[in-house]
Structure formats: structure tokens, C-alpha cells
Amino acid sequence: MSNCFSGNEAVAYAMKQINPDVMGAFPITPSTEIPEYFAQYVANGEVNTEYVTVESEHSSMSVCIAAEAAGARSVCATSSCGLALMYEMLYVAASCRLPITLACVTRALSGPININNDHSDSMGARDTGWIQIYAENNQEAYDNFIMAMPIGETASVRLPVMTCMDGFITSHAVENIEFLDTEVVRKFVGEYNPENYLLKKENPLAVGPYDISAYYMEHKVLEAEAMKAAKARILEVADEFAKISGRHYGLFEEYRMEDAELAMVLIGSSAGTAKAAVDQLREQGVKAGLIKVRVFRPFPGEELAQALSKTKAVAVMDKSEGFSANGGPLFAETRSALYDLKQRPHLIDIVFGLGGRDLKTEDVENIFARLADIAATGETGPVYTHLGQRQRRK
């Protein structure tokens with residue numbers, strides 16, 4: 001079935017097809033439409049979901065945690081400062097091994113106040129123990145949400161999953177989407193049958209008790225091992241999804257990387273602009289390529305290093321400022337991943353798109369021109385720079 005839907009509509013429709021047990025709902029731009037659309041499905045009796053309206057995003061995640069701990073499949077949606085307000089509870093969800101699915105519609109964090117897209121919200125939560133999967137377009141936003149539950153609910157993983165899409169650019173833009181039949185989706189996702197849960201009378205337990213030093217580290221190691229196991233499970237689910245959809249996904253997408261000497265690494269909707277620029281450069285004889293990171297947690301370090309091993313110069317594009325004085329989070333991960341290569345490409349970081357600042361094809365072409373100079377001279381120049389900002393007056 002094909003339809004023109006916005007990204008928010010597509011995710012809400014995926015939720016409808018899955019028919020979760022509980023939704024913790026609180027509005028924040030630009031994710032507000034997801035609970036709004038889903039509320040219509042609840043009101044019309046098209047789902048059996050317990051729709052819980054709360055007083056804050058912190059509370060919406062608390063609802064999801066309580067419900068998931070009780071054995072109910074739970075979903076949520078948020079953005080920006082809403083995700084930041086959930087911060088404490090994100091750790092609780094992951095450490096209690098509760099596979100909640102959260103649709104994060106990425107948006108700049110205050111301050112100053114800004115409602116447009118960058119990745120500062122999701123990247124701020126990158127080390128909370130949640131799996132993070134990013135979409136380039138509406139189709140991927142729909143597909144990723146459907147794949148999230150078979151990933152997170154697997155016994156070897158049991159971690160919450162954050163499916164991320166770019167605010168407004170993806171969430172509100174309308175595109176043609178290929179939907180799966182609802183029966184196919186429900187069979188693919190299956191039922192949530194946790195081994196242990198609060199309401200299981202045969203095995204009473206506590207969830208989230210005080211964890212003394214004699215046990216805390218062991219539990220954190222188990223959580224870390226679960227994140228490692230998630231990588232293989234993500235690929236297994238992608239293979240299963242390809243069989244029902246014909247759409248293939250990996251940990252990242254390689255675009256014209258077969259013989260690429262110059263490459264760009266980035267996340268999200270900006271990949272569409274960059275792909276168009278790569279095509280133009282290829283027509284000019286430039287061996288340009290692109291890697292779009294889809295899965296940021298767990299980070300595909302070994303795989304990414306292998307994909308970049310034959311390149312000469314690489315630009316990592318961060319849509320989030322790291323404030324480390326050394327670059328953004330994607331650059332830190334990529335640089336670390338490439339460290340063990342015997343022959344590494346020159347690497348630079350470019351922070352771009354903050355607060356919704358546009359990335360144009362000519363910007364991408366200029367970056368590749370810089371990479372060509374780096375490859376030819378071996379001189380990197382400033383490793384960490386920003387793109388598109390106005391210059392300060394003297």
C-alpha cells in the first residue's frame with residue numbers, strides 16, 4: 001500500500017499497526033503530531049492502547065517504564081527539551097532492561113530557544129544505554145519504528161530503542177511511503193512476552209531497587225554486553241524485514257563507496273543533499289562517496305573503519321556541537337574507530353546545521369574540494385571547524 005504521509009503520520013501509523021499496550025503522551029514540537037494522530041486511533045477504537053496523558057515528558061517516560069515493567073509493550077514520542085526532561089528516566093529504562101520504543105523527532109536544545117532541527121537532543125542522550133537508529137526520510141522512519149521492537153525485546157538485548165528522525169525536515173514533510181499490511185506488521189513484530197515482569201504472580205520481583213556496590217558494576221557490564229549483542233540482532237531483524245518489504249538496511253548505508261578516495265560521513269536527512277552532490281562530483285570525475293550512519297548506538301566502529309580503509313580523506317559531519325573543543329560526537333566515534341587501521345585516511349570534522357541552518361549541495365561540493373586538497377598535499381589544516389555561520393564583526 002502506498003500513501004503520501006508526513007514522517008510523524010508514518011510513525012503514528014506504524015504505532016497503530018503494532019497496537020501497543022500503553023502510550024505515555026505529552027506534546028512538544030515537532031513530535032506533537034505523533035501522539036495527536038495516535039490519539040485519533042485510540043478515540044476511534046482502532047487500537048486497544050491505554051493512552052495516558054501526563055503533566056510532563058519526565059512523567060510520560062515514567063508511565064512507559066511502569067507499564068513495561070508490568071509486562072506491557074509501551075511507546076512514547078518526544079523532542080528536544082522534552083527528551084532532556086526525560087534524562088533521568090532514560091537511564092532507568094535502560095538499566096532496568098525495559099525495551100520501550102521512543103520516537104525522537106530531533107530538534108535543537110535550548111538555549112537560545114530554537115524549534116528547528118539538529119541532533120543535539122538525541123546526541124545528548126547517546127550514552128544513556130538506549131539503542132539509537134536514525135532515518136534519512138519518511139520511509140525509513142516508518143520502517144525503523146517497526147523494526148525497533150523485534151530488536152529491543154530480544155532476550156539477548158532487552159534494551160529500549162530510540163528511533164530518530166529530523167524535525168520538520170522529515171517529521172512534517174510529505175512523501176510517498178510504501179506501507180506494509182497491518183497483519184504482516186503484527187506478525188513481524190509479534191507479541192511482547194517478557195520472561196519476568198511485575199505482575200507475574202509465579203515469580204514476584206522488584207524493579208529498580210537500590211543497587212549496592214557489590215552488584216552495580218555487574219549489572220552495568222551486563223547492560224554493556226547487551227548493547228554489543230544488539231549489533232548482530234539489528235542485522236538479523238533487517239534481514240527479516242527485507243523479506244517482507246524488499247527494503248534492505250544495514251548499520252550504515254554506503255553510497256558510491258566502491259572506489260571512493262574522498263568520503264563524507266553523516267547522519268539523517270542531510271544525506272539526501274549530500275548524495276545529490278556526490279552524483280554531481282562523480283560526473284566530473286571526482287571519486288567521491290558517502291556513508292550515512294543509520295545505527296549510532298551500538299556504534300558500528302569496526303564496520304565503519306573497514307568501509308573507510310581505502311579512502312584518502314574523510315569529512316565527518318556533526319549536526320550537533322560536542323563542546324569538547326575537539327569536535328562533535330560522530331567525529332569522536334569515527335576517529336576512534338579508525339585509530340587501529342594501519343593506514344588511516346586524513347580526517348576532519350565539520351559541525352553544521354545547528355538550529356536548522358541549511359546544508360546546500362554547493363556546501364558539500366566545497367567540502368569535497370577541501371578533501372581533494374588534503375589528499376593531494378597531506379596537509380589537513382584545522383581539524384575541527386563549523387560550516388555556514390556568519391563571521392563575527394571585528
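Take the residues in the range 303-313 that are under 22 Å from the mean Cα position of the chain (by Cα) and touching a residue at least 12 places away in the same chain (Cβ under 8 Å); name whichever of them is surrounded by the most Cβ atoms within 10 Å (Cβ to Cβ). Steps first, please.
Narrowing the range 303-313 to residues under 22 Å from the mean Cα position of the chain (by Cα): 303-308.
Subsequent filtering for residues that are touching a residue at least 12 places away in the same chain (Cβ under 8 Å) retains 303-305, 307-308.
Working: Glu303: 18, Leu304: 20, Ala305: 17, Ala307: 20, Leu308: 24.
Ranking the qualifying residues of the range 303-313, first place goes to Leu308.
Being surrounded by fewer than 24 Cβ atoms within 10 Å (Cβ to Cβ) and among the β-branched types (Val, Ile, Thr): is that true of Val351 here? Full working, then the answer.
Details: surrounded by fewer than 24 Cβ atoms within 10 Å (Cβ to Cβ): yes; among the β-branched types (Val, Ile, Thr): yes.
Judged against the criteria, Val351 is a match.
Having 3 or more residues that are closer than 27 Å to Arg186 by Cα and without any contact (Cβ under 8 Å) to a residue 24 or more places away in the chain is the bar; report the strands (runs of 3 or more DSSP E) wholly within the range 52-146 that clear it. Outline the logic, then answer.
Numbers: elements: 74-78, 101-106, 131-134.
Counting at least 3 such residues, we get no strands (runs of 3 or more DSSP E) at all.
Return the residue satisfying two criteria in turn: it lies in the range 363-387 and is touching a residue at least 12 places away in the same chain (Cβ under 8 Å), under 29 Å from the mean Cα position of the chain (by Cα) and assigned to a helix (DSSP H, G or I), and of such residues it is farthest from Ala305 (Cα to Cα).
Asp363
Given the criterion in contact with a helix residue (DSSP H, G or I) (Cβ under 8 Å, 6 or more places away or on another chain) and surrounded by fewer than 23 Cβ atoms within 10 Å (Cβ to Cβ), identify the matching residue among Pro298, Pro329. Give the derivation first.
Working: Pro329 fails: surrounded by fewer than 23 Cβ atoms within 10 Å (Cβ to Cβ).
Result: Pro298 is the single residue among Pro298, Pro329 that is in contact with a helix residue (DSSP H, G or I) (Cβ under 8 Å, 6 or more places away or on another chain) and surrounded by fewer than 23 Cβ atoms within 10 Å (Cβ to Cβ).
Looking at the range 314-359 only, could you name the residues that are over 20 Å from the mean Cα position of the chain (by Cα) and either among the aromatic types (Phe, Trp, Tyr) or not assigned by TED's automatic domain parsing to the domain that holds Val278 (or both)?
Within the range 314-359, Phe323, Tyr339 qualify.
Tell me the residue from Gly285, Gly272, Gly246, Gly268 that is at positive phi and touching a residue at least 60 places away in the same chain (Cβ under 8 Å), please. Spell out the reasoning first.
Numbers: Gly285 fails: touching a residue at least 60 places away in the same chain (Cβ under 8 Å); Gly272 fails: at positive phi; Gly246 fails: touching a residue at least 60 places away in the same chain (Cβ under 8 Å).
When all the criteria are applied, what remains is Gly268.
Evaluate the following for Arg186: is it under 13 Å from the mean Cα position of the chain (by Cα) and of a type in the set (D, E, K, R)?
No: the conditions fail for Arg186.
Find the residue count for the range 25-51, including only residues that are in contact (Cβ under 8 Å) with a residue 60 or more places away in the chain, closer than 20 Å to Ala93 by Cβ and in a loop (DSSP other than H, G, I, E, B). Spell out the reasoning first.
Taking the range 25-51 first, the residues in contact (Cβ under 8 Å) with a residue 60 or more places away in the chain are 29-31, 33-34.
From the residues that got through so far, the ones that are closer than 20 Å to Ala93 by Cβ too are 31, 34.
Filter once more, keeping what is in a loop (DSSP other than H, G, I, E, B): 31.
Residues flagged as in contact (Cβ under 8 Å) with a residue 60 or more places away in the chain, closer than 20 Å to Ala93 by Cβ and in a loop (DSSP other than H, G, I, E, B) within the range 25-51 amount to 1.
Can you say whether Ala230 is in a helix (DSSP H, G or I), out of contact with any Lys or Arg (no Cβ under 6 Å at 6 or more places or on another chain), within 29 Å of Val105 (Cβ to Cβ) and free of Cβ contacts under 8 Å to residues at least 12 places away in the same chain, as far as the supplied structure shows?
On the way: in a helix (DSSP H, G or I): yes; out of contact with any Lys or Arg (no Cβ under 6 Å at 6 or more places or on another chain): yes; within 29 Å of Val105 (Cβ to Cβ): yes; free of Cβ contacts under 8 Å to residues at least 12 places away in the same chain: no.
Spelling it out, it is not the case that Ala230 is in a helix (DSSP H, G or I), out of contact with any Lys or Arg (no Cβ under 6 Å at 6 or more places or on another chain), within 29 Å of Val105 (Cβ to Cβ) and free of Cβ contacts under 8 Å to residues at least 12 places away in the same chain.
Scan Ala307, Ala271, Ala277 and give me the residue that is modelled with pLDDT of 95 or more, under 21 Å from Val351 (Cα atoms), touching a strand residue (DSSP E or B) at 6+ places or on another chain (Cβ under 7 Å) and of a type in the set (Gly, Ala, Ser). Lay out the reasoning, then the answer.
Working: Ala307 fails: under 21 Å from Val351 (Cα atoms); Ala277 fails: touching a strand residue (DSSP E or B) at 6+ places or on another chain (Cβ under 7 Å).
Of the residues listed, the single one that is modelled with pLDDT of 95 or more, under 21 Å from Val351 (Cα atoms), touching a strand residue (DSSP E or B) at 6+ places or on another chain (Cβ under 7 Å) and of a type in the set (Gly, Ala, Ser) is Ala271.
Condition check: at pLDDT below 95 and aliphatic (A, V, I, L, M). Does Ala206 satisfy that? If you could, list the steps in order and put the result at the bottom.
On the way: at pLDDT below 95: yes; aliphatic (A, V, I, L, M): yes.
Yes, satisfied.
Which one of these is surrounded by 12 or more Cβ atoms within 10 Å (Cβ to Cβ), farther than 30 Å from Ala70 by Cβ and not β-branched (Val, Ile, Thr): Glu258, Glu254, Glu236? Spell out how you get there, then give the answer.
Numbers: Glu258 fails: surrounded by 12 or more Cβ atoms within 10 Å (Cβ to Cβ); Glu236 fails: farther than 30 Å from Ala70 by Cβ.
Residue meeting the stated conditions: Glu254.
Using beta carbons and a limit of 9 Å, which pairs, at least six apart or on different chains, have the first residue in the range 329-345 and touching a residue at least 12 places away in the same chain (Cβ under 8 Å) and the second one among the acidic types (Asp, Glu) and assigned to a loop (DSSP other than H, G, I, E, B)?
Matching pairs, first to second residue: Pro345/Glu261.
Would you mind stating whether Glu9 is of a type in the set (D, E, K, R), in contact with a strand residue (DSSP E or B) (Cβ under 9 Å, 6 or more places away or on another chain), within 19 Å of Pro99 (Cα to Cα) and in the same structural domain as Ala173 (by TED's automatic domain parsing)? Don't jump to the end; show me each part of the working.
Numbers: of a type in the set (D, E, K, R): yes; in contact with a strand residue (DSSP E or B) (Cβ under 9 Å, 6 or more places away or on another chain): yes; within 19 Å of Pro99 (Cα to Cα): no; in the same structural domain as Ala173 (by TED's automatic domain parsing): yes.
So Glu9 fails the test.
Collect the residues in the range 1-24 that are buried (at least 24 other Cβ atoms within 10 Å of the Cβ), touching a Ser or Thr at 6+ places or on another chain (Cβ under 7 Å) and of a type in the set (A, V, I, L, M, F, W, C), keeping them in residue-number order.
Selection gives Met23 alone.
Mind checking whether some residue in the range 372-387 is at pLDDT 95 or above, under 18 Å from Ser122 (Cα atoms) and not hydroxyl-bearing (Ser, Thr, Tyr)? Walk me through it before giving the result.
Going residue by residue through the range 372-387, those that are at pLDDT 95 or above are 372-387.
Still in the running and under 18 Å from Ser122 (Cα atoms): none.
Looking for residues that are at pLDDT 95 or above, under 18 Å from Ser122 (Cα atoms) and not hydroxyl-bearing (Ser, Thr, Tyr), one finds none in the range 372-387, hence no.
Of everything in the range 147-167, what is hydrophobic (A, V, I, L, M, F, W, C) and either assigned to a strand (DSSP E or B) or on the phi > 0 side of the Ramachandran plot (or both)? Give them in sequence order. Break it down into steps so the answer makes sense when it comes.
Taking the range 147-167 as the starting set, the residues that turn out to be hydrophobic (A, V, I, L, M, F, W, C) are 147-149, 151, 155, 157, 159, 161-162, 164-165.
Once the filter is applied, which keeps residues that are hydrophobic (A, V, I, L, M, F, W, C) and either assigned to a strand (DSSP E or B) or on the phi > 0 side of the Ramachandran plot (or both), the range 147-167 yields Val161, Met162, Cys164, Met165.
Tally time: how many residues in the range 111-127 are out of contact with any Ser or Thr (no Cβ under 9 Å at 6 or more places or on another chain) and either acidic (Asp, Glu) or crowded, with 21+ Cβ neighbours inside 10 Å (or both)?
So the count comes out to 2.
So that you can scan it fast, the table gives a plain yes or no per residue for (1) among the hydroxyl-bearing types (Ser, Thr, Tyr); (2) within 30 Å of Phe352 (Cβ to Cβ); (3) buried (at least 24 other Cβ atoms within 10 Å of the Cβ):
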position	(1), (2), (3)
Tyr87	yes, yes, no
Arg97	no, no, no
Leu109	no, yes, no
Ile133	no, yes, yes
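The values are calculated or read from the model by the stated rules, or taken from the named source; none is laboratory data. What you see is a predicted model, and the numbers here were worked out from it, not measured in a lab. For neighbour counting, all protein chains shown are included, and Cβ atoms are generated from backbone atoms with ideal geometry for every residue, glycine included.
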